[in-house]
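The values are calculated or read from the model by the stated rules, or taken from the named source; none is laboratory data. What you are looking at is a predicted structure, and each value in this text was computed from that prediction instead of being measured. FYI the Cβ positions are ideal-geometry reconstructions off the backbone, even for glycines, and counts take in every protein chain you see. Each accessible area value is taken on the protein alone, full model and side chains, heavy atoms only, with ligands, DNA and RNA left out. Shrake-Rupley method; radii C 1.70, N 1.55, O 1.52, S 1.80 Å.
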Amino acid sequence: MRNIAGGAALRSDARAASTCPGMNRRQTCTSRWGLTPPSLGPRDAFTTTTTRGSAAAASPSPLTARGAAGEPSTSGGGGGGGGSESQLRERRRPRLYPDTPSINWDRYLLLMYRRAHEAGLDEDEEGAGEGEEEEQGAESFSSRLAGSDLNAAYFRRWDDPAVHQPLLQDRVLTTAWRDALSSAPPGALEGRVVLDVGCGLGLLSMLAAKAGAAQVIAVDGSSGAVDAARRIIKANGLDDKITVVHGSIEDLEELPGGVSPGGVDVILSNWMGPGLLGGGMINSLAAAVKRWLRPGGLVLPDRVTLWAAGLEDREALQEAKESWSRVAGLDMSAALAQVIKHPRRDVLTRKSQLLSAPQRLASWDTAQLRPESLLQTDPEAEDEGEDEEEEEDKEAEPYYARCPFKFSSLRDERLFGLVLYWEAMWTFGGALEGEGKSPVRFSTHPLSATTHYQQLMLDFPRTMRLEADDEVAGELVLRPGATDPRDIELRLQVSAAGGQPLTAEYRVSHLSQ
């Protein structure tokens, strides 16, 4: 910072500021330090003038109108020569015109220099400060992005009740739940303590309360869903039986009503997602079963199964190719190689698209779920060295299920891929079958009533030519997503008689549910 104690330095600065092309002194001062003119007093800001005198008299600035001792100058600057003493005093008396002031910019610029010096501002320091602020802002955003919580983002998505609407408006699903709970064997729900994992807007909790449950504890990690559920439950007059808890089931140390670990009789959860495992809620269910379910308790639905069948998908791929080949007059169909890595949710338009009988890939007894046994790892993969190939590394990753399959082609056709669907059953631990009743079933089979889950289409990178009764064999591995474990990654290996084996990888986003 310049030393403003020297008058020569100040004058040179003032002259430099006044000679900047296209810029007056006020602009110079305000642009260099971002300062606005203060409210100056009469002795600093306004010129003195006389009430009489020549019309050509100029209004001197305060620096020239004042003497060395600070007294007003006696020069009248006008005609008329002399006059009485009262007239002379009248001439010398200053008049202020605040409506149209004339600011002394020389004095004002020096004042701003002094204020800038007292504030410790310097052009170089100021520029460095701005750079540091920009850098800190960028670092702040990057750190927030790197430290973002995937779990919090997942639950935040369910704050909007509209996200729950596809499930609530799925009549096939809601009817299955209502029929299952209303037809429960005597004593299965009546007078029981029920835990609803991932309660959403409270539909299953209310159905359980109406079926006779003594106490229902509804848990959800979405604050918006919890707030809406409490309002809905109260509006339906069931708030005396249902308690809604906000939080992740994995993090809860205690449940309301004095329910201790192992004190829950029945666990309800509509945890199923795209391709059955999409969304990763099976992990939350396993944690709830281990901590809160009493020995011999029920988990509903109590049995789920994943199925697959051969798929002819000619029409859908042709439609996709046409839509990608005409984008603003450009051919973008090369993107299809990446498109097919993301299975689409869709429904079959005709029965002939099924090229094989259904093949059961995997099944789970939900009452037996435990976090430590939910994911598996091949024993031989655990002993592999750190420098193995990428293929071997992928084999070492934990997975939900390794599903071998084998089916025969129903006719001569090209095999385009696999269609995945699943089925859930409410057997109440086999009690319904013991009573001679059929368990309630919910299926996303391509030939069943359409649900909001639809089916999952896995298209191959290339088609495989089949003749009737040709055998197709392969394996499908399902594992949690590497980036977001709520996603599902699938690795497929398949071969047909006389053809080259085929390998493909897919990712099912939990956001697609």
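For the listed residue pairs LYS351/LYS437; LYS290/LYS341; LYS210/LYS437; LYS290/LYS406, the alpha carbons are over 24 angstrom apart in LYS351/LYS437; LYS290/LYS341; LYS290/LYS406. Between ALA153 and VAL347, the C-beta separation translates, for a Förster distance of 41 Å, into a calculated FRET efficiency of about 0.90.
The length gained by stretching the chain between ASP227 and ASP331 to full extension, at 0.36 nm per residue less their Cα-Cα distance, is 32.6 nm. Across the accessible surface of the stretch 229-340, with the other protein chains kept in place and a 1.4 Å probe, carbon and sulfur atoms take up 52 percent.
Run the numbers for GLU319 and GLU467: contour at 0.36 nm per residue of separation, minus the present Cα-Cα distance, in nm. Answer, rounded to one decimal: 50.8 nm.
For ARG414, the amide hydrogen comes within under 5 Å of the amide hydrogens of LEU466, counting only partners 5 or more places away or on other chains and with H modelled in the peptide plane. Applying 1/(1 + (r/R0)^6) with r as the Cβ-Cβ distance of GLU190 and LYS406 and R0 = 60 angstrom yields a FRET efficiency of 0.85. Taking amide H atoms as placed 1.01 Å from N in the peptide plane, the amide H of ARG486 lies under 5 Å from those of GLY481, each 5 or more residues away in sequence or on another chain. What the phi angles of the stretch 215-222 give under the Karplus curve with 6.51, -1.76 and 1.60, with θ = phi - 60°, is a coupling list of 9, 10, 10, 9, 10, 8, x, 8 Hz, glycine and proline written as x. The mean accessible area for residues of the stretch 320-360, using a 1.4 Å probe and ignoring ligands and nucleic acids, is 67 Å² per residue.
Over the stretch 408-451, accessible surface divided per residue gives 41 Å², non-protein components excluded, 1.4 Å probe. Close amide H contacts of LEU348 (hydrogens built in the peptide plane, cut-off under 5 Å, sequence separation of 5 or more or a different chain): none are found. In sequence order, the stretch 331-338 has phi-based couplings of 9, 10, 5, 5, 5, 4, 4, 8 Hz under the Karplus curve 6.51 cos²θ - 1.76 cosθ + 1.60, θ = phi - 60°, and Gly or Pro positions carry x. Per-residue packing, averaged as other Cβ atoms within 10 Å, sorts the ranges 500-506, 300-306, 310-316 into the order 300-306, 310-316, 500-506, beginning with the highest.
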